[in-house]
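Engineer: Take a look at the following structure, please.
Coordinate-derived values only; no laboratory data. This one's a predicted model, so the numbers in the text were calculated from it and none came from an experiment. Here Cβ is always computed from backbone atoms with ideal geometry, including for glycine, and neighbour counts include all displayed protein chains.
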Amino acid sequence: MKPSGEISHGEDRIETYNTLAEAREQFGENYDGLVFKLTRAQVEGLLQGKVVAFDIRGREYAGFLVVNGSAHA
């Protein structure tokens with residue numbers, strides 16, 4: 001059984017776009033289109049294998065970003 005919240009092909013989508021407007025138009029907003037902004041230091045941390053943890057909706061949910069293939073993925 002796959003761990004809860006693990007993303008795999010065919011269930012959830014993760015795609016890249018050139019702009020936020022393009023992403024909203026082509027990908028769609030689904031139930032609610034949330035925007036998460038990372039600092040350069042956070043992106044650099046991800047590239048170094050670190051995990052970025054963040055709150056969603058005022059601590060109602062938690063999110064975790066990892067680079068696929070890193071030790072923490």
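Engineer: Filter region 51-73 for residues that are of a type outside the set (A, V, I, L, M) and over 14 Å from the mean Cα position of the chain (by Cα) and give the result.
Structural biologist: Arg57, Gly58, Arg59, Glu60, Gly69, Ser70, His72
Engineer: Identify, from the list Gly45, Gly58, the residue that is in a helix (DSSP H, G or I) and farther than 22 Å from Arg13 by Cβ.
Structural biologist: The match here is Gly45.
Engineer: Kindly establish whether Glu60 is of a type in the set (D, E, K, R) and surrounded by 10 or more Cβ atoms within 10 Å (Cβ to Cβ).
Structural biologist: For Glu60, the condition - of a type in the set (D, E, K, R) and surrounded by 10 or more Cβ atoms within 10 Å (Cβ to Cβ) - is not met.
Engineer: Being surrounded by 11 or more Cβ atoms within 10 Å (Cβ to Cβ) and assigned to a helix (DSSP H, G or I) is the filter here, so list the residues in region 23-35 that pass it.
Structural biologist: Ala23, Arg24, Glu25, Phe27
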